[in-house]
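Have a look at the structure below before the remarks.
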Amino acid sequence: VTNMSENITRKERDSSLTTPYSVRNRGIQLVCFDGQVPSKETVSDQGVRKQTLKALERVRTVAAEAGVSRHELMRTTVYLTDMSQLEEVTQAYDEFFEGQRPSRTFVGVKQLPNGATVQIEATGVCD
């Protein structure tokens, strides 16, 4: 958990900016969650869409233990063993997050724990 209650002022100028700028962070905490994979049972008899939903349910469980709701998840990294399955993962995300999904990055990998095709790690915020 990282406390982000400081104000940060930047004095440097970017050539596209006419004045210095500042960034102000509210008193929030970032909470990072390890990658979650579906259970071996789910992996053995389910496709990537169901595996994604199960991995997201595991993310929701660990996030809830830290006081973070699924709507407070800001970012996820999705590891996939087959990048051609992006559309199915996106459908599962839309279903799980009800259209308000966090930003995400996809990373192609050779293999994952439990023989899964998907693993999801997340970062959330709490006040």
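The values are calculated or read from the model by the stated rules, or taken from the named source; none is laboratory data. From a predicted model like this one, the values you see are computed outputs, not experimental measurements. A quick note on method: Cβ atoms are made from the backbone with ideal geometry, for glycine too, and the neighbour counts reach across all protein chains shown. In case anyone asks, the SASA skips ligands and DNA or RNA and just uses the protein heavy atoms, side chains included. Shrake-Rupley method; radii C 1.70, N 1.55, O 1.52, S 1.80 Å.
Do we have any residue at all in the range 35-52 that's acidic (D, E) and touching a helix residue (DSSP H, G or I) at 6+ places or on another chain (Cβ under 9 Å)? Spell out the reasoning first.
First, the residues of the range 35-52 that are acidic (D, E): 41, 45.
Those left that are additionally touching a helix residue (DSSP H, G or I) at 6+ places or on another chain (Cβ under 9 Å): none.
Scanning the range 35-52 turns up no residue that is acidic (D, E) and touching a helix residue (DSSP H, G or I) at 6+ places or on another chain (Cβ under 9 Å).
Is it the case that S84 is modelled with pLDDT of 95 or more, of a type outside the set (A, V, I, L, M, F, W, C), assigned to a helix (DSSP H, G or I) and exposed (fewer than 15 other Cβ atoms within 10 Å of the Cβ)? In short, yes.
If I filter the range 102-114 for residues that are over 30 Å from I28 (Cβ atoms), open to solvent by 30 Å² or more (accessible area, probe 1.4 Å) and assigned to a strand (DSSP E or B), do I get at least one hit? Yes, there is a match, as at least one residue in the range 102-114 is over 30 Å from I28 (Cβ atoms), open to solvent by 30 Å² or more (accessible area, probe 1.4 Å) and assigned to a strand (DSSP E or B). Against the numbered list (1) at pLDDT 85 or above; (2) under 13 Å from C126 (Cβ atoms); (3) part of a loop (DSSP other than H, G, I, E, B), P38 comes up short only at (2). Scanning the range 87-101 for residues that are open to solvent by 60 Å² or more (accessible area, probe 1.4 Å), closer than 15 Å to A55 by Cα and modelled with pLDDT of 90 or more yields E88, Q91, D94, E95.
Scanning the range 28-45 for residues being open to solvent by 70 Å² or more (accessible area, probe 1.4 Å) and either in contact with a Pro (Cβ under 9 Å, 6 or more places away or on another chain) or of a type outside the set (A, V, I, L, M, F, W, C) (or both) gives a total of 5.
For the range 51-81, name all the residues that are basic (K, R) and either over 11 Å from the mean Cα position of the chain (by Cα) or crowded, with 21+ Cβ neighbours inside 10 Å (or both). Step through it out loud before you land on a result.
Start the filter on the range 51-81 by keeping residues that are basic (K, R), which leaves 54, 58, 60, 70, 75.
Hits for the range 51-81 are K54, R58.
Which pairs have Cβ atoms under 6 Å, sit 6 or more apart or on different chains, and link a residue in the range 47-70 that is more than 16 Å from L86 (Cβ to Cβ) to one that is among the polar types (S, T, N, Q)? Sorted first by the residue in the range 47-70, then by its partner, the pairs are K54/T42; R58/Q36; V59/Q36.
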